Structure formats: structure tokens, C-alpha cells
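Report on one structure; see the data block that follows.
The values are calculated or read from the model by the stated rules, or taken from the named source; none is laboratory data. Predicted model, so just to flag it, every value in this text is computed and none were measured. Here the Cβ positions follow ideal geometry from the backbone for every residue, glycine too, while neighbour counts run over all protein chains shown. Each accessible area value is taken on the protein alone, full model and side chains, heavy atoms only, with ligands, DNA and RNA left out. Shrake-Rupley method; radii C 1.70, N 1.55, O 1.52, S 1.80 Å.
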Amino acid sequence: MAGIQVSSSLLLSKSLPSLRCRREIVGARVNAPRVHLAVVSHPKLPSRYLVDEMETRTGYPIARHDTKSSDDPRVIAKLYAIMEAVADRVEMHKNIGEQRDNWNRLLLTSINAMTLSGATMAGLAALAAEGSPLMALKLSSIVLYVAATGLLLVMNKIQPSQLAEEQRNAARLFKQLRVQIETTLALGKLDINDVNEAMEKVLALAKAYPLPLLGSMLEKFPSKVEPARWWPKQRSKQGFVGKIEGNNGWTRKLEEEMRQVVRVLKQKDLAEYIDLGSKALKLNKMLAISGPLLTILGALGSSFVGTTDCSWPVMMGVVAGAVATAVNSLEHGGQVGMVFEMYRGNAGFFKLIEENIMSNINEKDVERRENGEILEMKVALQLGRSLSELKQLAAIAECSEEFASKLF
């Protein structure tokens, strides 16, 4: 019994410290100060779900923008709706451009094959005996020449290589517009004017590069070459004559530099590409008339083969077909229509830079202009120059023969 009491007393003495510790811990927990957790409110992002939906529909990754809480959610929704339409137009113009490039290659191959076959049959008809073989070869040559003439007239009218270049330009410019809308969303401070401006740009692009062929196709042989125009017209404003030093990045010196750049663009770059476009247009007109005329001569020569002892019918039937093939290959294989459209588009690019500069200079309120330093940087990048090279160009504009653009 004494041993049991000793052991129990030892166990009790060992458990007392642990019990005291537990009491202290429980007391600390009970007496600990209460911590009040503040309710954290997250800003509403009304455009997040619009972005997710647009990414799902278009397949394009869209950059997330931290829109300001003061921005109107309806304005944001409208801009995202416009961006969705723009993304769809990019795919449409891209697909149609590939289709019309296929037209150019397939039609050219078919026409050249028919023309050469007609010329070969005209030559064989001259060697054939009179009767059914001669008549069969003559009729086959005539049919092939007439069919090639009809297809060539259609091809020269629509100029598939030029159509493909138009759609490539439209796809590129719609992609550029999409990036501009993303930048507008990223900068914030949105209003209904941003929506209206984006809508005007979309409509101007749609008018400059129409999708259908019938009714709204651009004139392929205009009487006068003018720069392509894919941007909305800007309102002309009276110049500002007040003090502008240090206002929104503008100075008198910067204004004069921009005016000199515009002068060089108009006198050299723009004039050069208008002249090149005129030459390409004249060459395309000459080739477009010569091709069908030569195939018609080939058909006439084939029709007289075997009716006379002279050699001129077979010479006309064979030689006209060979020359027509060469002319068609030069026009459509060399894509002269595409070259004309490229020159016209380059001239439009310089015209856009000119109007952008002058619209800022002619703005009465300096604070409403685009920041002068940013505009200067944009113009330098568009012309393929550094800022120092742009300033040097403006300084020697009157006595230099140098072009403003170093890109093309």
C-alpha cells in the first residue's frame, strides 16, 4: 500500500506542471485581444467577361486591361463589341485574299494552257490533209482561242492579283485598328467619342477595301491615280497663333520641323509613288488590251488555215498564240495590278502621315493635340528614322534631294 501511495504521489507531482501550462494557454486564449477583420471589397471588372467571351469567339488572345472605375461600362462594352467585329473582318479579308490569289494562279495557268493548245492545233492543221482532220483541228483551235479570250477579258477586268493585294492590305489595317482599340482601353479615360472614332475607322476601311466584286469593286483602271484612303476625313481647323512653348510637348521649333517633314513628303515621297503608280497603270492597260487582241488574231488565223496557199494564216495562228502567252504571263504572272495597288497604298501611307501632322498643327487648342513628343516619335518610326535623323531631315529639307522615308 505504501508503494502504491508513493507512485500515485509521484504521478500527481509530474502532472501538475502540465496542468498549469494548459491553464495558462487557455487563459491566454480567453484573454487574447479580439482582432476585427476588415471587409475587403474588390473592384468590379465589367469587361472581364466580355474579354473572355471575345477570346472564345475569335480565338485571339486579348490583353487584360485594368479599366478605371470611372469609365462607363457601356462604353467599354461597345469598344469590345467593335473589337470583336474587327477581329472577324481580319479573318474575312485574310481568307478572301487567299482565295483571290488562287484565282490569279489558276486562271493564268488555264488561259495559257488553252492559248498554247490552240496555237499547237493551228500548226498541226496546216500539216493535216484536207477533210475531217483539217476541220477538226481548225475548230478545236478556234474554240480554244475564243474561250481563252473570254476568260482573259474577265481576268483583266477584275485583276485578281490586285484584288488579293487589296485584301492583304485590309487584313493588315484591321489588325492595326484592333491594336489601337486595345491601346485605348488600356489607357482608360474612355468616353463615347472613342466609340464614334472607332466606328468611323471601321466604316472607312470597309469603304476603302470592299469585300464583294459586283457593284462596289474598286476601279482597276482609273483615269487618275490617287493615293489610297482608308481613314475618315478629319475636320479642317484654323491654326493657333498663341503662345505654345512647353504646352503638351509642343514648341515653335517642333511645329516648324513637322512642317518641313510634310513638305518633303509631298514633294518627294508622295509625288514619286504617284508617278510610279501612273507608270504601272499605263503598263497594265497596255498588257490588258494586247492579250485579248492577240488571242482574237490567233482565232482568225486558225479559221483561214487550209483556205489559201499562203502561209500567213498559220503564222498568225501560231505566233499570235505564243505572243499572247508571253503577254499574259507578264501581266498576271508578274502581278502588275498588285504592283499598282502597292504603289497606291504607299502613297496613301504618306498621305495619312501628312494629314495626321497637319491636323495636329492646325488644332486651335494645344491641349487637344496629340502630345508633340509622342507624335514626333511616331512619325520617326513610320519613316524608318531615329529622332536625330528626323530633325536632320527637317533642317536640310529645302536643299536636299533625300526622301523622307527609309522604309520604301
(request) Report the full-extension gain for the segment Leu153 to Leu218: residue separation times 0.36 nm, less the Cα-Cα distance, to one decimal in nm. (result) 21.7 nm
(message) As an exercise, identify the GluC sites (Glu not before Pro) in the stretch 102-203 lying in DSSP coil whose Cβ has no more than 10 other Cβ atoms within 10 Å.
(response) Glu130
(request) Excluding residues on the same chain fewer than 8 positions from Lys94, give the aspartates and glutamates whose Cα lies under 12 Å from its Cα. (result) Glu165, Glu166
(request) Find the percent of Cα-Cα distances in the stretch 312-375 that exceed 15 Å, and round it to a whole number. (result) 71
(request) May I ask for the distance between the Cα centers of the stretch 327-359 and the stretch 170-201, given as a whole number of Å? (result) 25
(request) Report the full-extension gain for the segment Leu330 to Leu293: residue separation times 0.36 nm, less the Cα-Cα distance, to one decimal in nm. (result) 11.8 nm
(request) Show the residues, 5+ positions off or on another chain, whose built amide H is closer than 5 Å to the amide H of Trp250. (result) Gly372
(message) Past the 17 angstrom mark, what percentage of all C-alpha to C-alpha distances in the stretch 64-172 do you count?
(response) 69
(message) Taking 41 Å as R0, compute the FRET efficiency from the Cβ-Cβ separation of Ser359 and Ala136 and round it to 0.05.
(response) 0.05
(message) Could you work out how much longer the chain between Leu106 and Asn371 gets when fully extended? Use 0.36 nm per residue separation minus the Cα distance between them, nm to one decimal.
(response) 90.4 nm
(request) Compute the normalised compactness of the stretch 170-305: alpha-carbon radius of gyration over 2.2 N^0.38 Å, N being the residue count. (result) 1.65
(request) Could you go through the stretch 108-116 in sequence order and give the Karplus-derived ³J(HN,Hα) for each residue, using 6.51 cos²θ - 1.76 cosθ + 1.60 with θ = phi - 60°, rounded to whole Hz, and x for Gly and Pro? (result) 4, 4, 5, 5, 5, 5, 5, 5, 5
(message) Leaving ligands and nucleic acids out of the surface, order Tyr145, Tyr273 by accessible area at 1.4 Å, largest first.
(response) Tyr273, Tyr145
(request) Quick one: of Lys78/Lys268; Lys253/Lys351; Lys220/Lys351, which pairs are farther than 32 Å apart, Cα to Cα? (result) Lys78/Lys268
(request) State the three equivalent ellipsoid semi-axes of the stretch 282-341, derived from the C-alpha gyration tensor as the square roots of 5 times its eigenvalues, in descending order and whole Å. (result) 29, 9, 6
(message) Rolling a 1.4 angstrom probe over the protein chains, ignoring ligands and nucleic acids, what is the accessible area of Arg105 in square angstrom, nearest 10?
(response) 120
(request) Along Cα→Cβ, 7 Å out, is where each label goes; now give me the distance between the ones at Glu401 and Lys233 in nm to one decimal. (result) 3.8
(message) What figure, in Å² to the nearest 10, do you get for the accessible area of Val179 with a 1.4 Å probe and non-protein molecules left out?
(response) 80
